[in-house]
């Protein structure tokens, strides 16, 4: 039996996004868990882990955001295939290698089979790396990664019974990266698979900046040096100074890029003024007008 769970803070969003996808992907025997309340996503997910662990026939627990919609009708078959390797603990629809923090996307993204749909500016869609098969780059691949995007997390029976989300890390951020590190520390695999998902989300991707920064720091402190995710030989003060320097350098490069763009635009405008104000341009103006007139006449006379 494959169970599905979503932490619901806005029932309307859940009913519009996650619920239809769960209905589409689930099987008659599936259990659906959707606790509502103001608890952290860590707490809600732990409650669902406890509930799912009670089922002896559990094959997997699928945890997804309330604004994530599963679109694969053969989703359960894909999950079973992904978990056929007993060493696999966690499966996601997007993942990366070389991940050093909760910002998983800052690593080398190897797979991302989701699309981001938004409502601003009349609505639109931003397809991720592997959403459109014919546009998927040659380097994209499914398989083992350092961390996945927590928009959808498929937990194996082992992960459901042995792992728990660390509620000391915060309310919303970092739970996915921390859980992936827990699985890897236990010798298990985290993989990205072709699980197609529509993420219905505002273009404002980060609404709780302070909470994200706090979680970033706490997760970094918890796993400091455990997975060679930082340059060797640097203490916390050195790392802070290095990060500050890197941020300042990035800002300088951005300023330089903007100045280069503005300078090029000014040079182009200057060249256009020089050409249009030249004697030769003014002398040949009547000829250009005649040529333009003749082109218009020619277009009108072409057979339709």
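The values are calculated or read from the model by the stated rules, or taken from the named source; none is laboratory data. It should be emphasised that the depicted structure is a prediction, and the values quoted were computed from it without experimental measurement. Using ideal geometry, Cβ is built from the backbone for each residue, glycine included, and neighbour counts are taken over all protein chains shown.
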Filtering the range 130-166 down to residues that are farther than 16 Å from residue 41 by Cβ, surrounded by fewer than 21 Cβ atoms within 10 Å (Cβ to Cβ) and in contact (Cβ under 8 Å) with a residue 60 or more places away in the chain yields 131, 157, 158, 161
Lone qualifier among 177, 114 - being touching a strand residue (DSSP E or B) at 6+ places or on another chain (Cβ under 6 Å), at pLDDT 95 or above and closer than 25 Å to residue 223 by Cβ: 177
Condition check for residue 109: over 30 Å from residue 56 (Cβ atoms), surrounded by 15 or more Cβ atoms within 10 Å (Cβ to Cβ) and without any contact (Cβ under 8 Å) to a residue 40 or more places away in the chain: yes
Please verify whether the range 181-198 includes one or more residues that are on the phi > 0 side of the Ramachandran plot, in the same structural domain as residue 80 (by TED's automatic domain parsing) and touching a strand residue (DSSP E or B) at 6+ places or on another chain (Cβ under 7 Å). no
Where in the range 65-139 are the strands (runs of 3 or more DSSP E), entirely inside, with at least 2 residues that are farther than 23 Å from residue 157 by Cβ? 94-97, 108-112, 114-118, 124-127
Can you tell me which of (1) modelled with pLDDT of 75 or more; (2) over 30 Å from residue 17 (Cβ atoms); (3) assigned to a loop (DSSP other than H, G, I, E, B) is the one residue 206 doesn't meet? (2)
Which residue is surrounded by the fewest Cβ atoms within 10 Å (Cβ to Cβ), if the candidates are limited to the range 167-192 and must be within 14 Å of the chain's Cα centre (by Cα) and not in a helix (DSSP H, G or I)? 173
Condition set touching a residue at least 12 places away in the same chain (Cβ under 8 Å) and surrounded by fewer than 20 Cβ atoms within 10 Å (Cβ to Cβ), scope the range 87-106, selection farthest from residue 219 (Cα to Cα): answer is 87
